[in-house]
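Remarks on the structure that follows.
The values are calculated or read from the model by the stated rules, or taken from the named source; none is laboratory data. For clarity, every value in this text was computed on a predicted model and none was experimentally measured. No Cβ is skipped: glycine too gets one built from the backbone with ideal geometry, and neighbour counts run over all protein chains shown.
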Ligand SMILES: *Cc1c(COP(=O)(O)O)cnc(C)c1O
């Protein structure tokens, strides 16, 4: 019998962390401060040290982290916010939730991240339509940072706030600068399957501006002022549970090693798959944390079926660009549309990827993929 291959193996990490996690959970059960307890503060400090961001505000999940940034900036009806068409729905969802208009921008074919030229065209068109461009949310898809130096130039030409959606790239870097310091605000998610995940929902916002830090802390707790029963703005209930913070502190301790292991797995895939399928590219100057290892293939359905037959799981992120989703298709897209996003949605395929993927398992995946890709 062949060994089971997991798409993401969270149990391998659980076994490694063993009693350290149990003890961390036990400590919270003993002190009983379940909301904004001492572990939440400690985690925020550790995440700030880890990234070099001045302030870290944890919250309930990565979607709220984005939503809170838009609330902080008072983005509202009549405003336009630019998002890539090829991303998870949350990136556009929060824009609609604050009453603004998301405008779908195309991505680059090699990195899957927002195309600065498409962004510029979308901004000009939004202005022509009488909308007020306010912010852009580049996404660091599959673990590598977007091209922030180009995107920041376009954003600053038009006075836009840049909110980096780093739900998939926490721990990565660009030109030696860690994710968390590359944009005005950075959001991330600790959903279990993300590179740094907890055991439930969790998220954080990273900023370098003190006033933004203060507003975000107020917004995540019902718009509090000096105390909980002083409400100076309309906010949300969006805090990270102390239990999740305690779990994340233990996971953060092994995270640098896990990132290195992910990068090793990715290197092995890329070497073995050269000439077989189109492997993912990392921009010069960037590092990826490989939230996903995503190849491009023309005959995707057939490859998925062949791999499934031999027990190898795969996933498609994302089968539809957002401009084609029922909830979002009535919303504006950059003039000329998003042809790269459309093509990628038909061709991308993500392979098993996690820090504990053993070389022999990976060899089996590569071997079966070779066979499937050549139609043997
Ligand atoms: C996971 C994810 C989110 C949302 O995070 P949650 O914690 O699940 O709310 C947002 N954007 C991207 C790109 C994601 O991958």
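Residue count for the stretch 74-100 satisfying the condition of being buried (at least 24 other Cβ atoms within 10 Å of the Cβ), assigned to a loop (DSSP other than H, G, I, E, B) and within 12 Å of the ligand (Cβ to nearest atom): 2. Does residue 165 qualify as being more than 12 Å from the ligand (Cβ to nearest atom) and either out of contact with any helix residue (DSSP H, G or I) (no Cβ under 9 Å at 6 or more places or on another chain) or touching a residue at least 60 places away in the same chain (Cβ under 8 Å) (or both)? Spelling it out, it is not the case that residue 165 is more than 12 Å from the ligand (Cβ to nearest atom) and either out of contact with any helix residue (DSSP H, G or I) (no Cβ under 9 Å at 6 or more places or on another chain) or touching a residue at least 60 places away in the same chain (Cβ under 8 Å) (or both).
How many residues does the stretch 101-114 hold that are more than 15 Å from the ligand (Cβ to nearest atom) and either assigned to a loop (DSSP other than H, G, I, E, B) or under 14 Å from the mean Cα position of the chain (by Cα) (or both)? Number of matching residues: 4.
Quick check on the stretch 51-73: of everything there that is within 14 Å of the ligand (Cβ to nearest atom) and not in a helix (DSSP H, G or I), which residue is farthest from residue 328 (Cα to Cα)? Across the stretch 51-73, the extreme among qualifying residues is 58.
A single member of 118, 150, 156 is outside any loop (DSSP other than H, G, I, E, B) and surrounded by 23 or more Cβ atoms within 10 Å (Cβ to Cβ), and it is 118.
Of the residues in the stretch 211-223, how many are touching a strand residue (DSSP E or B) at 6+ places or on another chain (Cβ under 7 Å) and either part of a strand (DSSP E or B) or over 16 Å from residue 67 (Cβ atoms) (or both)? Residues meeting the conditions: 1.
Among residues that are under 17 Å from residue 82 (Cα atoms) and assigned to a loop (DSSP other than H, G, I, E, B), residue 183 is included.
In the set 171, 203, only one residue is within 10 Å of the ligand (Cβ to nearest atom), at pLDDT 95 or above and surrounded by 24 or more Cβ atoms within 10 Å (Cβ to Cβ); that residue is 203.
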